[in-house]
Amino acid sequence: MINIKKTEYTHPLTWRLRSDNKPVWLSEYITKYGYQGAKKALAMHNKMIIDIVEQSKLRGRGGSGFFTSYKWLATLKNTVDSTGYLICNADEMEPGTYKDRVLLEQLPHLLIEGMLISAYALNINKGYIFLRCEYHNELNNLNYAINEALDNNLLGKNILDSNFNFELITHSGAGRYISGEETALINSLEGRRANPRYKPPFPTDVGLWGKPTCINNVETLCNIPAIVLYGSNWYRSISINNSSDHGTKLMGFSGHVNNPGLWEVPFGIIARNLLEDYAEGIIDNKKLKAWLPGGISTALLLDKHLDVPMDFANISNVGSRLGTAMAIAIDDSTNIIELVCNIEEFFSRESCGLCTPCREGLPWIVKLLKSIRKCQSTKHDILTLKQLCSTLMYGKSFCAHAPGAIEPLRSAIKYFYSEFKLELKQ
């Protein structure tokens, strides 16, 4: 197992974690440079903070990899009267993904500090943390940390004598995968059904209760304190293999591995290092059949792709997405059709039903896959699956739910077509 000494310069997200996995409360967080980034930020002009984040090239860690500064700049132009909202997307409903959970449960003050700095930069006085409904411990720990911050003038009115006010509220979702989509999240927060909204207008213009709203992922916001404290040049220096992305990323491996887990590593590390050195290889000395690089809504990759650097551009170049960077290993004893059918059944159930391609197409895919699995289908059914994949691609459904759902299926047909043929009706 890899044993690397963690410092605030090499592991800005995780170096404060305790060996007993207990939360780092305010008194301990302060001794570990906690709120130093916030103190520095509150003494700066807010646009200087956005400049630092822009120069750092920080990308969103929720899955899309959108540059954080773009969203911030689009929000700032609408928040001149401080009427906007900052929302932390802590829904984390992607199966196989548990990176934000660690930060929420064990480092709640890191998120609070990141949100405080972000709100100040965006001229926003109110924020929400939208949590996955199953995250009960995380909710309790966040509420406790928020009360600690309030008692020590790190939230509330006139924070640290800066004349800046910031109120932070936690909210548990109702348990829908689609709530991770930012406009569906806003609807849920407003007490509506979690359906995505038409865009434009984008949330940065018309978001929560009609006000300009910036929505960032937990891991994204947790990067902000260190970037402000140590600077953009330092942040850009933390990457390897000439990666096009900068800083560190929480990455992991689960599934058929000996040591499933989560690690903070620099962008550019190759997946083989993660699998063999960190996750300690495939269980029972079996062989790797395929792997999903960033949750179940990303396309399957093969052993030959393990030497590709783990960043947004390189994973995209081999036909998948980095997504959350929480990879899932699949060993060679797995029936690929059964696996994909299980994935598609999940996405079918989680569809909001707003658009026809998603509402009707995903159940149809599940029905066809179950039929193939029972050897009751013909080659024509595989062609129908391909046609459905085309029908559910980007731009043909209301949001990204359906395109993400069919990525594992498209790649399974591409790489394991012979297995589909073997299970056809003879």
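Readers should treat all values here as calculations from the given coordinates under stated rules, not as data from a laboratory. Note that the coordinates shown come from a computational prediction; the quantities given were computed from them, not determined experimentally. Glycine also receives a Cβ, built like all others from the backbone with ideal geometry; neighbour counts cover every protein chain displayed.
Numerical summary
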quantity	calculated
Table column - 3J(HN,Hα) (Hz), segment 310-315, Karplus curve with 6.51, -1.76, 1.60, x for Gly and Pro	7, 8, 4, 5, 5, 5
Sites matching chymotrypsin sites (Phe, Trp or Tyr not before Pro) across segment 348-420 that sit in DSSP coil, with at most 15 neighbouring C-beta atoms within 10 Å	394
Amide N of segment 220-246 lying under 11 Å from the label point, which is placed 7 angstrom from the Cα of residue 313 along Cα→Cβ	242-246
Neighbour-count ranking [beta-carbon atoms within 10 angstrom, fewest first] of 193, 101, 359, 61	193, 359, 101, 61
Relative contact order of the chain, pairs being alpha-carbon contacts under 8 Å that are 6 or more residues apart, as %	15 percent
q = 0.15 Å⁻¹, segment 248-331: log10 I(q)/I(0) [Debye, one scatterer per Cα]	-0.42
Bridge type composition, the chain - antiparallel percent by DSSP, nearest 5	40 percent
Average projection area in nm² (convex hull over Cα atoms of the chain, one quarter of hull surface)	19.8 nm²
Whole-number percent relative contact order across segment 248-331, with pairs defined as alpha carbons under 8 Å at least 6 apart	37 percent
Alpha-carbon centroids, segment 316-390 and segment 92-147: separation in whole Å	32 Å
With Cα atoms, 0 to 90° folded angle of helix 356-373 axis to the chain main axis	50 degrees
Top of 318, 257, 228 by mean-square fluctuation, Gaussian network on the chain, Cα under 10 Å	318
Highest-MSF residue in the chain out of 54, 407, 190 [GNM, Cα springs under 10 Å]	190
Among 72-78, 123-129, 342-348, 303-309, the order from most to least packed when residues are scored by Cβ within 10 Å on average	123-129, 342-348, 72-78, 303-309
Cα centroid separation - segment 154-208 against segment 213-230, whole Å	16 Å
DSSP-defined beta bridges in segment 26-237 - what % are antiparallel, rounded to 5	10 percent
Residues of segment 72-88 with amide N under 16 Å of a point placed 7 Å along Cα→Cβ from residue 163	81-82
